[in-house]
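Worksheet for the structure shown next.
The values are calculated or read from the model by the stated rules, or taken from the named source; none is laboratory data. Please read all numbers here as calculations on a predicted model, not as lab measurements. Virtual Cβ from ideal backbone geometry, glycine too; neighbours counted across all protein chains shown. Quick note on the areas: whole protein, heavy atoms, side chains included, nothing else; ligands and nucleic acids left out. Shrake-Rupley method; radii C 1.70, N 1.55, O 1.52, S 1.80 Å.
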Amino acid sequence: MLREIRPAILILLLLTAITGLAYPLAMTAIAGAIFPKQAQGSLIEKDGKVIGSALIGQEFKADKYFHGRPSATAAPDPVDSTKTVSSPYNAANSGGSNLGPTSKALADRIKEDVEKLKAENPSLPVPVDLVTTSGSGLDPDISLEGALFQVPRVAKARNLPEARVRELVVEHTQGRMAGLLGEISVNVLALNLALDEASK
């Protein structure tokens, strides 16, 4: 019996070493050599300090900044651990809200957000990505339409010409990968950093 079990154990140990140790370490080394920025999390620095990642959204509430998509992420309530509280862009708890299209809470929240945005810019239809969350709740990008919709508010808050703010939006617009995959988008953090530079 030991003669039959020994090869199985040896193969298990060998495959564990190859697929569980050697392969992941090799892929990590190759990724770090070929794509060093991406392998380290696409971190964004300002004045030598890491302020975020190009891959994870951040919450911006001030009128002088572009706002990202709503985030549905939550965290345990510090007062009652059996409950959760809203924790926007919480990378430790990525995920959607699980509220479906028939949810009254979701419909009420979207209606409230739409009314707020219509008051901000009544001349344009409200882009859907400014009132809906992404599947992960961490989306760092908004659509080009979502960015252009916010131009009047941001320009007014920063006392900049709308044309200059629109120019910054266009400069920070990312096209489809290989011209085919994904959507045309704008990274909110990168755009807001460019705005801060332009306002100096």
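Odds and ends about this structure:
- Accessible surface of segment 135-196 [probe 1.4 Å, protein heavy atoms]: carbon and sulfur percent: 58 percent
- The residues of the chain expose on average 66 square angstrom of accessible surface per residue, using a 1.4 Å probe on protein heavy atoms.
- Between residue 5 and residue 184, the modelled labels are 6.6 nm apart [label points 7 Å from Cα along Cα→Cβ].
- The Rg/Rh ratio for the chain is 1.13, where Rg is the radius of gyration of the alpha carbons and Rh is the Kirkwood radius.
- As a length-normalised measure over Cα pairs under 8 Å and 6 or more apart, the relative contact order of segment 1-104 settles at 13 percent.
- Its DSSP H runs of at least 4 residues, each contributing -39,500 (n - 2.57), put the calculated 222 nm mean residue ellipticity of the chain at -13000 deg cm²/dmol, to the nearest 500.
- Sequence-distant lysines (8 or more away, or on other chains) whose Cα lies within less than 27 Å of residue 156: 46, 61, 64, 111, 116, 118, 200
- Stretchable slack from residue 12 to residue 92, in nm (0.36 nm times residue separation minus alpha-carbon distance): 25.5 nm
- Relative contact order of the chain, pairs being alpha-carbon contacts under 8 Å that are 6 or more residues apart, as %: 19 percent
- Length available on full extension from residue 43 to residue 63: 0.36 nm per residue minus the Cα-Cα distance, which gives 4.7 nm.
- Accessible-area composition of segment 1-70, carbon plus sulfur, in percent [1.4 Å probe]: 68 percent
- As a rough guide to protection, the peptides 107-116, 124-133 ranked by mean Cβ packing within 10 Å, highest first, stand as 124-133, 107-116.
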